[in-house]
Amino acid sequence: MQKSIRVQILGKDYPLRVHEEDEEVMREVAHTVDSRMQAFKLKHPEQPDLVAAVIAALALAEEVISTRQTSSIVFQAMDREMQLMDRELVDALSASGTT
């Protein structure tokens, strides 16, 4: 079921419709975006809000891409390790005559 919520970013209210189970996550997302934009505006108060939004979006997208790349590397390493363990298990079972 969807519900209406309001989030605040750079002092402006934004109404959103979210699934009830996603409300907390969406509020956290909005808070993260607001924090990034506030930090940018503190360093560059002369810049318009749109510039702050674009810079915040770029920084967050960079983090997402970096996290995906790191996750992919970790998953590949885990897959190789599991394949090695599987071969060792098969070899051990074959040596003991269990297979």
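The values are calculated or read from the model by the stated rules, or taken from the named source; none is laboratory data. Since the model is a prediction, treat every value here as computed from it, not as a measurement. Neighbour counts are summed over all protein chains in view; Cβ atoms, including those assigned to glycine, are modelled from backbone coordinates with ideal geometry. The protein model used for the area step is the full one, side chains on, heavy atoms only, and it has no ligands, DNA or RNA in it. Shrake-Rupley method; radii C 1.70, N 1.55, O 1.52, S 1.80 Å.
Across region 1-32, what is the number of residues that are open to solvent by 80 Å² or more (accessible area, probe 1.4 Å), farther than 19 Å from residue 60 by Cα and aliphatic (A, V, I, L, M)?
1
Can you tell me which residue among 22, 13 is modelled with pLDDT of 95 or more and within 19 Å of the chain's Cα centre (by Cα)?
Going through 22, 13 in turn, just one is modelled with pLDDT of 95 or more and within 19 Å of the chain's Cα centre (by Cα): 22.
What pairs come up if the first residue lies in region 77-97 and is surrounded by 10 or more Cβ atoms within 10 Å (Cβ to Cβ) and at pLDDT 90 or above, the second is in a loop (DSSP other than H, G, I, E, B) and small (Gly, Ala, Ser), and their beta carbons are under 7 Å apart, counting only those six or more places apart or on different chains?
none
Just wondering, is there one or more residues in region 64-76 that are basic (Lys, Arg), closer than 30 Å to residue 8 by Cα and either part of a loop (DSSP other than H, G, I, E, B) or within 16 Å of the chain's Cα centre (by Cα) (or both)?
Yes, the conditions are met somewhere in region 64-76.
Determine, yes or no, whether residue 46 is open to solvent by 80 Å² or more (accessible area, probe 1.4 Å) and out of contact with any Phe, Trp or Tyr (no Cβ under 6 Å at 6 or more places or on another chain).
Against the criterion (open to solvent by 80 Å² or more (accessible area, probe 1.4 Å) and out of contact with any Phe, Trp or Tyr (no Cβ under 6 Å at 6 or more places or on another chain)), residue 46 qualifies.
Which condition from (1) surrounded by fewer than 14 Cβ atoms within 10 Å (Cβ to Cβ); (2) without any contact (Cβ under 8 Å) to a residue 12 or more places away in the chain is the one that residue 51 breaks?
Residue 51 satisfies all of (1) surrounded by fewer than 14 Cβ atoms within 10 Å (Cβ to Cβ); (2) without any contact (Cβ under 8 Å) to a residue 12 or more places away in the chain except (1).
So residue 33 fits all but one of (1) modelled with pLDDT under 95; (2) closer than 30 Å to residue 2 by Cα; what number is the exception?
All conditions are met except number (1).
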